[in-house]
1. Give or take rounding to whole Å, what are the principal axis extents of the alpha carbon atoms in segment 66-163, in descending order?
2. Largest first, what is the accessible-area ranking of M158, M1 with a 1.4 Å probe?
3. If I take R0 = 30 Å and measure r between the Cβ atoms of R116 and E36 in this structure, what FRET efficiency does the formula 1/(1 + (r/R0)^6) give, to the nearest 0.05?
4. Place a label point 7 angstrom from the Cα of V137 along the Cα-to-Cβ direction, then list the residues of segment 146-175 whose backbone nitrogen is under 12 Å away.
5. Just to confirm, what accessible area per residue do you get for segment 28-164 at 1.4 Å probe, in whole Å²?
6. With the crude spin-label approximation of a point 7 Å out along Cα→Cβ, what separation in nm comes out for I7 versus E79?
Amino acid sequence: MRRVARIVLLICLMSAAWFGWHQFSPRPPALSMAPEATQIDYILIEKSARRLTASLDGAIVMQADVALGFEPEGDKQQEGDGKTPVGIFRIDRRNPQSAFHLSLGINYPLPEDIDRAQSQGINPGGDIFIHGHPNSVAGLTLPGDWTAGCIALSNAEMTRLWSLTPTGTVVEIRP
């Protein structure tokens, strides 16, 4: 009986120690957030995390979950492959009249993408955008990765990103 009591006591002490550690242990430093920014200078898209982070001078201004192309693994190789490209790009155009809720164009394909595709006798594709949901499905959020290679946010998040992003903003897309 004493052995059972010791085991129960040990379990209670371990539970209390675990709870205390998680309740009172040091927290990691908070991400640097920009105060009420009106513009950004960098967009990071992490495909594996399905996350977009917009920042100004290294301080995070906004983060959003994203949907990608319907075949998100790997780098875009050719038109119709359903992949979102990987690399460093720039916002090169803005379309307020898009078939999707606003859209920011990315300057894909780059010259090296064009050269690679030409050497393989394929079309590298193009018209890669960061955009909201299709205007035809107003009020709905599409699940999963559903674009043809673009990056999609909720309409509310796209409205905010649109208001913060000037033409020329750097966009880094990581695997």
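The values are calculated or read from the model by the stated rules, or taken from the named source; none is laboratory data. Because the structure is a prediction, the values reported are computed rather than measured. All Cβ positions, glycine included, derive from the backbone under ideal geometry; neighbour counts span all protein chains shown. Surface accessibility is based on the protein's heavy atoms, side chains included, excluding ligands, DNA and RNA. Shrake-Rupley method; radii C 1.70, N 1.55, O 1.52, S 1.80 Å.
1. 43, 25, 20
2. Working: M158 0, M1 185 Å².
My answer, sorted largest first, is M1, M158.
3. On the way: r = 42 Å, r/R0 = 1.41.
After rounding to 0.05, the efficiency reads 0.10.
4. 146-148, 152-155
5. Numbers: 7050 Å² over 137 residues.
Ligands and nucleic acids excluded, the figure is 51 Å² per residue.
6. 7.0 nm
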